[in-house]
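Read through the structure below, which is laid out as structure tokens, and then see the notes.
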Amino acid sequence: MTLGKFRDGLIVMAAFLGMIWLLQVVNWADGYRLDTEFGIIPQQFGRLPEIFTAPFLHASWQHIEGNSAPLFVLGVLAAYRSIARFLLATLIIAVASGLAVWLFQSGNSLTVGASGLVFGYFGYVLIRGFFDRSPADIVVGLAAGALYWTILQVALPGTPGISWLAHAGGLVGGVIAAWVLRAPAAARTPVTPAGRPAVMSVDDMLRELKEKG
């Protein structure tokens, strides 16, 4: 990690938070009509695209206040390696979280909020280092896990007024994103003192034999 990449993560998340707070002001001033128009309603095909808009909206000031700090911290930790990977991870998490709500939520309840992203970034940061075989990222993930492990309590059914499906779906999406966006094998494979990979693929072995023979 370089200071430049960490700075980029800070800027991206500051801009993201600024945007959702601006939307909250507009939403509040309009009687939360944006929630009604752009929130997720389960099993209605016409509301399926709202899985991409619901994470930017909140149902109250308390709602956005509760999400902002963990969203910023975990978002920066998810973004500091690569902004491109972070944006793709965000897309995967939003789809997984939104689909979990759209497919499995009962009734016509309306779901909005960035908490699915919070749980997704948590899962992504926690697992990424193991998939990338990066000791630094493993330490970062374990630190994030120690700091925010209590949020897992609201990823389980039974918390009143909480869409646990959005949380659980986001968490699963974060793990999927960490797997899909893991570092290329060449970057994760140990190298011998001679400069060759410690574990060679079949193609590499055939190519080396051909060169020698």
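Each reported figure results from applying straightforward, stated rules to the coordinates on display, with no laboratory input. Remember, it's a predicted structure, so these values are computed and weren't measured experimentally. Methodologically, a virtual Cβ is constructed for each residue, glycine included, from the backbone with ideal geometry; neighbour enumeration extends over all protein chains shown.
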* **Derived scalar couplings ³J(HN,Hα) [the range 80-90; Karplus, 6.51 cos²θ - 1.76 cosθ + 1.60; whole Hz; x for Gly, Pro]** => 5, 6, 7, 5, 4, 5, 5, 5, 5, 4, 4
* Structure fact -> HN-Hα couplings for the range 95-103 via Karplus (6.51, -1.76, 1.60; θ = phi - 60°), in whole Hz with x for Gly/Pro, come out as 5, 5, 5, x, 5, 4, 5, 5, 7
* Structure fact -> Over the Cα atoms of the range 3-182 the radius of gyration and the largest Cα-Cα distance (Dmax), both in Å, equal 15.6, 48
* Could you grab the relative contact order for the range 3-182? Cα pairs under 8 Å, six or more apart, rounded to a whole percent. => 26
* Structure fact -> Karplus-derived 3J(HN,Hα) from phi for the range 166-178 (6.51 cos²θ - 1.76 cosθ + 1.60, θ = phi - 60°), whole Hz, x at Gly and Pro, runs 5, 5, 5, x, x, 4, 4, x, x, 5, 4, 4, 4
* To do: Would you mind ranking Tyr124, Tyr32 by Cβ crowding within 10 Å, fewest neighbours first?
  => Tyr32, Tyr124
* Structure fact -> The answer for Gly113, listing residues at least 5 apart or on another chain whose modeled amide H is closer than 5 Å to its amide H, is Phe56, Leu57
